[in-house]
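The values are calculated or read from the model by the stated rules, or taken from the named source; none is laboratory data. Just so it is clear, the model here is predicted, and its values are computed rather than measured. Glycine gets a Cβ as well: all are built from the backbone with ideal geometry, and neighbour counts include every protein chain shown.
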Amino acid sequence: MTATTLTLLLAVFLMQATAEKALVPLLDFAGLGAAEKWQAVNDGVMGGVSDGRFKITEEKTLEFFGTLSLENNGGFASVRTKPTELGIKSGDTLVVRVKGDGREYVLNIYTKSRRMAFSYRAPLPTTKDEWTEVEIPLADFIPTAFGRRVQGMGPVDPSQINGLGFMLSDKKPGKFQMQVEWVKRQER
């Protein structure tokens, strides 16, 4: 191999490495006290009877599980971080490593908004019993309140983000279970 060929191969390799976006960890579940940073919020706040819970597993994943019920005007179970700064920036893509039960969950972004039941949402599909990585550009999150789209709101302002969460609200009563290994952000 000539020096010119080697130089050319090195240049191509460096260009590819630069083109690949680095994943920056946002949330993992390996640290002490990881469970203390999370809370469950279910439809009981509106009179429903869904039972959503979470735990940190021995494998250091967040397991979100329970039973979704449509009784008493219910229909959602969720788990979310307590308010925290995440360092998400404009143009980022969120990447979630998840293993579920085949149901479609929701990834919620919470902001410092004083609006009741407000979040930005994006679908989080799962494949039954398989780990997958789901990529969701920040621009794809939709502003919602009480499960309905809020008109007139712009895209999420990264400087206002103060939490993330997972929700099940697919109107299919019954048991559910999903594990999350980590959440990362991919810089643009």
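Tabulated values for the structure
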read-out	value
Lone qualifier among G91, G47, G102, G75 - being on the phi > 0 side of the Ramachandran plot and touching a strand residue (DSSP E or B) at 6+ places or on another chain (Cβ under 6 Å)	G102
Residue count for region 28-59, restricted to those that are in contact with a helix residue (DSSP H, G or I) (Cβ under 9 Å, 6 or more places away or on another chain) and touching a residue at least 40 places away in the same chain (Cβ under 8 Å)	3
Residue in region 97-121 that is nearest to Q179 (Cα to Cα), counting only those that are assigned to a strand (DSSP E or B) and aliphatic (A, V, I, L, M)	V98
Filter result (closer than 27 Å to A22 by Cβ and surrounded by 19 or more Cβ atoms within 10 Å (Cβ to Cβ)) within region 35-55	W38
Residue match in region 127-140 (condition: surrounded by 14 or more Cβ atoms within 10 Å (Cβ to Cβ) and under 22 Å from N42 (Cα atoms))	no
Residue pairs meeting the criteria (Cβ under 9 Å; at least 6 apart or on separate chains; first within 11 Å of A145 (Cα to Cα), in region 114-127; second among the aromatic types (F, W, Y) and not in a loop (DSSP other than H, G, I, E, B))	F118/Y110; S119/Y110; Y120/Y110
Residues (at pLDDT 95 or above and of a type in the set (D, E)) located in region 158-188	D170, E181
Matching residues, region 56-72, being surrounded by 13 or more Cβ atoms within 10 Å (Cβ to Cβ) and in contact with a strand residue (DSSP E or B) (Cβ under 9 Å, 6 or more places away or on another chain)	I56, K60, T61, L62, E63, F64, F65, G66, T67, L68, S69
Options L164, L124: the member that is surrounded by 15 or more Cβ atoms within 10 Å (Cβ to Cβ), in contact with a Ser or Thr (Cβ under 7 Å, 6 or more places away or on another chain) and in a strand (DSSP E or B)	L164
Qualifying residue in region 126-134 (condition: over 23 Å from A30 (Cα atoms) and out of contact with any helix residue (DSSP H, G or I) (no Cβ under 9 Å at 6 or more places or on another chain))	yes
Hey, P143 over 15 Å from R185 (Cα atoms), in a strand (DSSP E or B), in contact (Cβ under 8 Å) with a residue 24 or more places away in the chain and not charged (D, E, K, R) or not	yes
Condition met for T111 (β-branched (V, I, T) and touching a residue at least 40 places away in the same chain (Cβ under 8 Å))	yes
Given (1) more than 20 Å from L23 (Cα to Cα); (2) surrounded by fewer than 12 Cβ atoms within 10 Å (Cβ to Cβ), number of the condition E85 does not satisfy	(1)
Restricting region 24-65 to residues that are among the polar types (S, T, N, Q) and farther than 16 Å from W131 by Cβ, the residue that is nearest to the chain's Cα centre (by Cα)	Q39
